[in-house]
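Written below as structure tokens is the structure these notes are about.
The values are calculated or read from the model by the stated rules, or taken from the named source; none is laboratory data. A quick note: this is a predicted structure, and the numbers were derived from the prediction, not measured. In this analysis, Cβ positions are derived from the backbone assuming ideal geometry, glycine residues included, and neighbour counts consider all displayed protein chains.
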Amino acid sequence: MGTLPLLAALGLGIAIAAIAVIGFLHMTLKGRRFLDLSEEEASGAEAADRTETNEVASLAAGSSEAGGDPFDAEGVSADRTMPIGRIPPPIGSADSVALDGPRLYGLGGEFAGASFRIRGQGLRMGRDPEMCQIVFPADSGEVSRRHCTVGFDEEARIFLLVDHGSSNGTFLNDGRRLEPGVPYRLLPGDRFALSGGKHWFEVRF
């Protein structure tokens, strides 16, 4: 009779130990599955980052190919540049001041007296508000919908001017008409005109 309680207690202890072992194994398997899923998600996120980085690099490389128009028709910057003041005095005068980065100044025509910052992919000029940052009135028939773009090369420290096949042309200060799609280099103080000299602009720092 004395051994019966002892055996019952021993059986109960074995059952509790077995339950504890089963519970431990169950928790271990769940933790392993969680780690495996976390590793898969991390790998997927890393692969997505690599893909996005490669796409951005490809776009940057494509936009800088030699010999082509550096201002792609579909690559209009989302920023809208607004006039920020009057035309400053000529470069080198006592009243001229250092300004923040490259700018485009209107000397005559529709934007006479206006000043625009040049940044990003440059300033596209024309009558189409969806494609251009400097937008001429709709009734400015002498200006094309997408007339030309002026940008700035940070490394070379020069301005670039490209005509987009405008009907009435883009002209340098010496009277030369730009060939469509060919980038022309401008230095600070250089001027150009749209449509035979009706609208004059100058690039400066």
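Scanning the range 113-123 for residues that are part of a loop (DSSP other than H, G, I, E, B) and in contact (Cβ under 8 Å) with a residue 40 or more places away in the chain gives Ile118, Arg119, Gly120, Gln121, Gly122. Restricting the range 183-205 to residues that are part of a loop (DSSP other than H, G, I, E, B) and under 26 Å from the mean Cα position of the chain (by Cα) leaves a set whose member that is modelled with the lowest pLDDT is Phe205. What pairs come up if the first residue lies in the range 162-175 and is in the same structural domain as Gly126 (by TED's automatic domain parsing) and small (Gly, Ala, Ser), the second is assigned to a strand (DSSP E or B) and surrounded by 12 or more Cβ atoms within 10 Å (Cβ to Cβ), and their beta carbons are under 6 Å apart, counting only those six or more places apart or on different chains? Here the result reads Gly169/Arg177, each pair linking the range 162-175 to a residue that is assigned to a strand (DSSP E or B) and surrounded by 12 or more Cβ atoms within 10 Å (Cβ to Cβ).
Being at pLDDT 95 or above, within 22 Å of Gly189 (Cβ to Cβ) and buried (at least 17 other Cβ atoms within 10 Å of the Cβ) is the requirement here; does Phe136 meet it? It is false that Phe136 is at pLDDT 95 or above, within 22 Å of Gly189 (Cβ to Cβ) and buried (at least 17 other Cβ atoms within 10 Å of the Cβ). Residue selection: Val150 fails the criterion of being over 13 Å from Arg103 (Cα atoms) and either at pLDDT 95 or above or crowded, with 22+ Cβ neighbours inside 10 Å (or both).
Please go through the range 151-182 and give me each residue that is among the β-branched types (Val, Ile, Thr) and part of a loop (DSSP other than H, G, I, E, B), ordered by number.
Val182
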